[in-house]
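The values are calculated or read from the model by the stated rules, or taken from the named source; none is laboratory data. The model shown is predicted, which means the values in this text are computed figures rather than measured ones. FYI the Cβ positions are ideal-geometry reconstructions off the backbone, even for glycines, and counts take in every protein chain you see.
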Amino acid sequence: MPKENKSRLNLPKVSPIEADKVKLPYNGSVVSEQGFSFSFACFDHSHELFNLGGKTEDGTVGGSWFIDLMDCLKSVSNMTFDQARASMHELHPVDWKNANVKCPTNDKQHEYWQFRINKSKGRVVGILIDSVFYVVWLDRHHNLSNSEGYGGAKKFSPGKSLYELQEERIQELESKCKQLQADVDELLSK
């Protein structure tokens, strides 16, 4: 029997390729799992102190406030837990003993945290699980606790969406049309 000709292939050794880091558009930041993500799955704007009502013409907090909020969320999302605690946003647990409200739905299972948008723009209140901050309340008026220089809790009528405002306007117009039709019918019956 002939000898089997065994040839050995010398394959080049390939070193594991380091995965390309994902860079975000616009700012070129590298995606990091150390920063915060935000979820609005627990968001509640039905509470009388956190309903986003305000003194503007449409009865809500102003549009420029939301720009400040978005800038704050962007800033915090690029921080680690320790950086957020030491930053101007001052991430810290909610002290329910000194709060103007009770813990949402008496939730004693989760620790609630807050951070400020900036000195005079209010706070974001929620639950922190791993690196996800579940927003529960947006506190534009510093109502969570009595802050020096802001007075006590301020109550406003609940803010309404554009859809809700349009629905109200439609109902007003329908009611006015019915009244005018009744007036016309009465005049014609004379």
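Only one of the numbered conditions (1) assigned to a loop (DSSP other than H, G, I, E, B); (2) loosely packed, with under 10 Cβ neighbours inside 10 Å; (3) not aromatic (Phe, Trp, Tyr) is not met by Leu187, and that is (1).
Counting only residues that are of a type in the set (D, E, K, R) and surrounded by 15 or more Cβ atoms within 10 Å (Cβ to Cβ), the stretch 107-137 holds 3 of them.
Answer yes or no as to whether Arg140 is at pLDDT below 90, within 15 Å of the chain's Cα centre (by Cα) and either buried (at least 16 other Cβ atoms within 10 Å of the Cβ) or not assigned by TED's automatic domain parsing to the domain that holds Leu69 (or both). So Arg140 fits the description; yes.
If the condition is being within 18 Å of Glu164 (Cα to Cα) and of a type in the set (D, E, K, R), then the stretch 56-77 contributes Glu57, Asp58.
Among residues of the stretch 20-40 being in a loop (DSSP other than H, G, I, E, B) and among the polar types (S, T, N, Q), the one that is modelled with the highest pLDDT is Gln34.
Of the set (1) surrounded by 18 or more Cβ atoms within 10 Å (Cβ to Cβ); (2) over 18 Å from Tyr134 (Cα atoms), all apply to Gly62 but (1).
Here is a yes/no grid of residues against (1) surrounded by 10 or more Cβ atoms within 10 Å (Cβ to Cβ); (2) of a type in the set (Lys, Arg); (3) farther than 22 Å from Ala153 by Cβ; (4) at pLDDT below 90:
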site: Ser7; (1), (2), (3), (4): no, no, yes, yes
site: Cys42; (1), (2), (3), (4): yes, no, no, no
site: Gly54; (1), (2), (3), (4): yes, no, no, yes
site: Met88; (1), (2), (3), (4): yes, no, yes, no
site: Pro93; (1), (2), (3), (4): yes, no, no, no
